[in-house]
Amino acid sequence: MSLSKVLEDWSDYDNRKQKKEDSHFFSCTEKWEIDYLVDKIHEAFGYLDRLAIRDAITHFCNRSNAPHPRKIFVTSVLMRLGVVAS
């Protein structure tokens with residue numbers, strides 16, 4: 001599995017974002033956004049615990065102000081989980 005698996009097809013997320021211009025950013029402001037990323041990562045890396053995934057996401061949500069560029073944010077979360085190299 002790879003980063004590309006998690007980053008592919010975010011159409012459901014993009015369609016749900018209220019502001020289309022920020023659809024390529026992850027803002028952590030709504031529960032559904034975090035749930036969406038937890039599900040995407042768990043789908044790609046089923047052996048990872050959902051709570052560990054959520055903790056990694058929360059770690060980066062709290063480190064800097066939103067919105068976060070999606071690819072950078074997802075990569076950082078996956079690196080924290082130890083599933084992609086830096």
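No lab work stands behind these numbers, since they all come straight from the coordinates. Model, not experiment: these values are computed from the prediction. Heads up, the Cβs are rebuilt from the backbone with ideal geometry, glycines too, and the neighbour counts pull from every protein chain shown.
For segment 57-86: of the residues being closer than 18 Å to Trp32 by Cβ and among the hydrophobic types (A, V, I, L, M, F, W, C), which is farthest from the chain's Cα centre (by Cα)?
Our first condition is that a residue be closer than 18 Å to Trp32 by Cβ; within segment 57-86, this holds for 57-58, 60-61, 66-68, 70, 73-74, 77.
Subsequent filtering for residues that are among the hydrophobic types (A, V, I, L, M, F, W, C) retains 57, 60-61, 66, 73-74, 77.
On the way: Ile57: 7, Phe60: 10, Cys61: 10, Ala66: 13, Phe73: 6, Val74: 5, Val77: 7 Å.
Per the criteria, the residue is Ala66.
Limited to segment 44-53, what total is found for residues that are in a helix (DSSP H, G or I) and either more than 12 Å from Val6 (Cβ to Cβ) or in contact (Cβ under 8 Å) with a residue 40 or more places away in the chain (or both)?
Just the residues of segment 44-53 that are in a helix (DSSP H, G or I), to begin with: 44, 50-53.
Going one step further and asking which of them are either more than 12 Å from Val6 (Cβ to Cβ) or in contact (Cβ under 8 Å) with a residue 40 or more places away in the chain (or both), we end up with 44, 50-52.
Total meeting the criteria: 4.
Looking only at segment 44-72, count how many residues are hydrophobic (A, V, I, L, M, F, W, C), under 18 Å from Thr29 (Cα atoms) and in contact with a helix residue (DSSP H, G or I) (Cβ under 6 Å, 6 or more places away or on another chain).
4
When the residues of segment 63-75 are narrowed to those that are touching a residue at least 24 places away in the same chain (Cβ under 8 Å) and in a helix (DSSP H, G or I), which ends up surrounded by the fewest Cβ atoms within 10 Å (Cβ to Cβ)?
Pass one, segment 63-75, residues touching a residue at least 24 places away in the same chain (Cβ under 8 Å): 66-71, 73-75.
Among the residues that remain, those that are also in a helix (DSSP H, G or I) are: 70-71, 73-75.
Working: Arg70: 19, Lys71: 14, Phe73: 21, Val74: 22, Thr75: 16.
My answer is Lys71.
Results for (1) hydroxyl-bearing (Ser, Thr, Tyr); (2) surrounded by 14 or more Cβ atoms within 10 Å (Cβ to Cβ); (3) assigned to a helix (DSSP H, G or I), shown as yes or no for each residue.
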{"residue": "Ser4", "(1), (2), (3)": "yes, no, yes"}
{"residue": "Asn15", "(1), (2), (3)": "no, no, yes"}
{"residue": "Trp32", "(1), (2), (3)": "no, no, yes"}
{"residue": "Tyr36", "(1), (2), (3)": "yes, yes, yes"}
{"residue": "Asp39", "(1), (2), (3)": "no, no, yes"}
{"residue": "His42", "(1), (2), (3)": "no, yes, yes"}
{"residue": "Asp55", "(1), (2), (3)": "no, no, yes"}
{"residue": "Cys61", "(1), (2), (3)": "no, yes, yes"}
{"residue": "Val77", "(1), (2), (3)": "no, yes, yes"}
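Consider segment 18-30. How many of its residues are closer than 13 Å to Val77 by Cα and either polar (S, T, N, Q) or surrounded by fewer than 12 Cβ atoms within 10 Å (Cβ to Cβ) (or both)? Before you say what the answer is, go through the steps one by one.
From segment 18-30, those closer than 13 Å to Val77 by Cα are 26, 28; that's our starting set.
Those still in the list that are either polar (S, T, N, Q) or surrounded by fewer than 12 Cβ atoms within 10 Å (Cβ to Cβ) (or both) too: none.
Qualifying residue count for the region: 0.
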